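Trainee: Quick one: the structure is below, and I'll ask about it shortly.
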Amino acid sequence: MLKKTDHGLKEEVLNSYFISGNAKALVAIANRKKDPSLKKEAVQKLSLMGSKEGNDYLMELLEK
């Protein structure tokens, strides 16, 4: 059960970065996360933000 709580907490951190417009933090998380679902969520949020940092990261992913 602790893992679910931990995962939920991480999702809430992603949401708070998204709401506050902190693309730099979302990019950092997407680069580090080994959990595919959290990385996917961070990338989805970046795609909605329209920030330069987020768009640059998305372009990097497409070029891979």
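Trainee: Tell me, in nm to one decimal, what length is gained between Glu60 and Lys24 on full extension, where the rule is 0.36 nm per residue of separation less the Cα-Cα distance? Can you show the working numbers first?
Mentor: Details: separation 36, 0.36 × 36 = 12.96 nm, distance 1.44 nm.
Working it through step by step, the gained length comes to 11.5 nm.
Trainee: With n ≥ 4 as the cut-off for DSSP H runs, can you work out [θ] at 222 nm for the chain, using -39500 (n - 2.57) per run divided by the number of residues, rounded to the nearest 500? It would help to have the intermediate numbers written out before the result.
Mentor: Working: 4 runs with 55 residues, N = 64.
Calculated from helices alone, the mean residue ellipticity at 222 nm is -27500 deg cm²/dmol.
Trainee: Right, something else. Take the chain, compute every pairwise Cα distance, and split them into 5 Å bins from 0; I just need the percent in each bin.
Mentor: For the chain, the binned pair fractions read 4, 20, 31, 24, 12, 6, 3, 1 percent.
Trainee: Using a cut-off of 11 Å between beta-carbons, work out the net charge of the residues near Leu38 (Lys and Arg +1, Asp and Glu -1, Leu38 not included). Working shown, then result.
Mentor: Details: positive: Lys10, Arg32, Lys33, Lys34, Lys39, Lys40, Lys45; negative: Asp6, Glu11, Asp35, Glu41.
Surrounding charge for Leu38 is +3.
Trainee: Using only Cα atoms, tell me the angle between helix 23-32 and the longest principal axis of the chain; keep it within 0 to 90° and round to the nearest 10.
Mentor: 70 degrees
Trainee: I've got another one for you. Label points 7 Å out from Cα along the Cβ direction at Glu11 and Leu48: separation in nm?
Mentor: Going by the 7 Å Cα→Cβ label model, 1.3 nm.
Trainee: Mind putting a number on the dipole of the chain about its Cα centre? Charges go on the C-beta only, +1 for Lys and Arg and -1 for Asp and Glu, and I need it in Debye to the nearest 20.
Mentor: Working: 12 positive and 9 negative charges, 43 e Å.
Dipole about the Cα centre, nearest 20: 200 debye.
No lab work stands behind these numbers, since they all come straight from the coordinates. Keep in mind that what you see is a predicted model, and the values were worked out from it rather than measured. Counting neighbours? That spans all protein chains shown, and the Cβs are built from the backbone with ideal geometry, glycine included.
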